[in-house]
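**Q** Before I ask anything, here is the structure I am working with.
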Amino acid sequence: MARHSAHGKATSSKPSDHVVARAIDLTKIYGDADNQVIALNHVNVEFERGQMTAIMGPSGSGKSTLMHCMAGLDQPTSGKVIVEGLEVSAMNQRQLTKLRREQIGFIFQSFNLVPTLSAEENILLPLQIAKKPIDRAWFDQVVHVVGLEQRLKHRPSQLSGGQQQRVACARAMMARPSVIFADEPTGNLDSHSSREVLGFLKQSVKDYGQSIVMVTHDPRAASYADRVLVLADGNITQDLRHPSYDQILEVFADEGEETHA
Ligand SMILES: Nc1ncnc2c1ncn2[C@@H]1O[C@H](COP(=O)(O)OP(=O)(O)OP(=O)(O)O)[C@@H](O)[C@H]1O
Ligand SMILES: [Mg+2]
C-alpha cells in the first residue's frame, strides 16, 4: 500500500512492517499491595499500519490505560510496548519526548488546546517546540482536510467543540506520526461534530495511510473502524474485523449490561 508516499516518510520493509505498534504481555497495576487495581492484564495486541482500530469496553476496563501506555504517557508494570520497532517501555524521558514528537500523535477527549493561541498556532505548536521545520504545503493540506481554512486566526474559545477537536486532529497529524492514539475523541461532541471529526480521521486513513487507534463508547464511531477490539477487566475479549453495525451494537449491548450489572 502507498502510505505517506507523497510526503516522503521513511518506510522500511521489516517482516513486521504491517504492524505499527504492539503490546506484548502488557500489564499495568495501579495502587499498592493492599489496594491493587489490575488495569491491564497481560494484553497482547498488534495494531496494523494504515488502519483505524476502535477500542470499546465498559468504563474502567482499561482503555485509557492502554492508550497511555502505548503512547509512552504512562509506564507499564510489566510487558512491552513497541512502536515502529522501538521499545517504548524501555525508554528514558528524553527518548520518550523524542518518540512523542516524531512518531506518535495523541488526541484527547478534552481537546487540550492552548487557550491563548490561535487555531494555527495550536496546530503548529508541537513542531515549534521541537524546532522542526514547518512544511507549509502539508499544513495547507491538513487544514483543508479538516476544513479550518476560515478559522485559523480564531482562538479555541471562539470555536465550536467540533472545530476545536478538528484543530486537535490537525495538530496530531502535522508531524506525520506513525500512529495516532485517540481517547474518546468524539466523547464531548454532538452527533454532527462527531461525524465531522470521524470523517476527517477516516479520510486521513484512506488518503494518507494514517494509522489510528481510537477509544470510543459510541457504536457509530466504532463503525468507522476497520477493526474493533473489546476490552473487559483489562483483557481483550473480542477482536472483530470489519464488523457490521449490528455486530457493534451487540458489543454495546453487552457493555451496557456489564456497566449496569
Ligand atoms: N492513576 C490511577 N490510579 C489508580 N487507579 C487507576 C488510575 N488510573 C486508572 N485507574 C484504574 O484502572 C482501571 C482502568 O482505568 P481506565 O481509565 O483505563 O479505564 P477506561 O476503560 O478508560 O474507562 P472509561 O471508559 O471510564 O474512560 C480502573 O479501575 C481505574 O479506576
Ligand atoms: Mg478512559
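Here, each number is a calculation from the coordinates, and none is a lab measurement. Note that this is a predicted model, so its numbers are computed, not measured. Every residue, glycine among them, receives a Cβ derived from its backbone with ideal geometry; neighbour counts consider all protein chains shown.
**Q** Give the number of residues within segment 157-172 that are buried (at least 16 other Cβ atoms within 10 Å of the Cβ) and outside any helix (DSSP H, G or I).
**A** So the count comes out to 1.
**Q** Scanning segment 185-216 for residues that are in contact with a strand residue (DSSP E or B) (Cβ under 7 Å, 6 or more places away or on another chain) and either hydroxyl-bearing (Ser, Thr, Tyr) or within 16 Å of ligand 2 (Cβ to nearest atom) (or both), which turns out nearest to Val142 (Cα to Cα)?
**A** Ser211
**Q** Please enumerate the residues belonging to segment 185-231 that are closer than 22 Å to Gly147 by Cα and among the acidic types (Asp, Glu).
**A** Asp190, Glu196, Asp207
**Q** Residue check, Ser204 against (1) over 29 Å from Leu86 (Cα atoms); (2) in a helix (DSSP H, G or I), all met but one. Which one?
**A** (1)
**Q** Applying the selection to segment 27-54, what residues are away from ligand 2 (no atom under 16 Å from the Cβ) and in contact with a helix residue (DSSP H, G or I) (Cβ under 6 Å, 6 or more places away or on another chain)?
**A** Answer for segment 27-54, where residues must be away from ligand 2 (no atom under 16 Å from the Cβ) and in contact with a helix residue (DSSP H, G or I) (Cβ under 6 Å, 6 or more places away or on another chain): just Met52.
**Q** Can Ile82 be described as in a strand (DSSP E or B) and away from ligand 1 (no atom under 15 Å from the Cβ)?
**A** Spelling it out, Ile82 is indeed in a strand (DSSP E or B) and away from ligand 1 (no atom under 15 Å from the Cβ).
**Q** Same structure, new question: Which number in (1) more than 14 Å from the chain's Cα centre (by Cα); (2) in a strand (DSSP E or B) marks the one condition that Ile212 misses?
**A** Going through the list (1) more than 14 Å from the chain's Cα centre (by Cα); (2) in a strand (DSSP E or B), Ile212 breaks only (1).
**Q** Of everything in segment 158-184 that's within 13 Å of the chain's Cα centre (by Cα) and farther than 20 Å from His144 by Cβ, which residue is farthest from ligand 2 (Cβ to nearest atom)?
**A** The extreme case among them is Ser178.
**Q** Could you check how many residues of segment 175-199 are touching a residue at least 40 places away in the same chain (Cβ under 8 Å), polar (S, T, N, Q) and either more than 19 Å from Gly57 (Cα to Cα) or more than 13 Å from ligand 1 (Cβ to nearest atom) (or both)?
**A** Matching residues across segment 175-199 total 1.
**Q** Let me ask something else. Could you say which residue among His154, His217, His144 is of a type outside the set (A, V, I, L, M), part of a loop (DSSP other than H, G, I, E, B) and free of Cβ contacts under 8 Å to residues at least 60 places away in the same chain?
**A** Step by step, each of His154, His217, His144 is checked, and only His154 is of a type outside the set (A, V, I, L, M), part of a loop (DSSP other than H, G, I, E, B) and free of Cβ contacts under 8 Å to residues at least 60 places away in the same chain.
**Q** Could you list all residues from segment 232-245 that are hydrophobic (A, V, I, L, M, F, W, C) and in contact with a Pro (Cβ under 8 Å, 6 or more places away or on another chain)?
**A** Ala232
**Q** Give me a count of the residues in segment 81-140 that are within 16 Å of ligand 2 (Cβ to nearest atom) and either farther than 30 Å from Glu46 by Cβ or of a type in the set (A, V, I, L, M) (or both).
**A** Selection size over segment 81-140: 1.
**Q** Okay, moving on. Looking at segment 129-144, is at least one residue surrounded by 13 or more Cβ atoms within 10 Å (Cβ to Cβ), in contact with a strand residue (DSSP E or B) (Cβ under 9 Å, 6 or more places away or on another chain) and of a type outside the set (D, E, K, R)?
**A** Checked against the condition, which is being surrounded by 13 or more Cβ atoms within 10 Å (Cβ to Cβ), in contact with a strand residue (DSSP E or B) (Cβ under 9 Å, 6 or more places away or on another chain) and of a type outside the set (D, E, K, R), segment 129-144 yields no hits at all.
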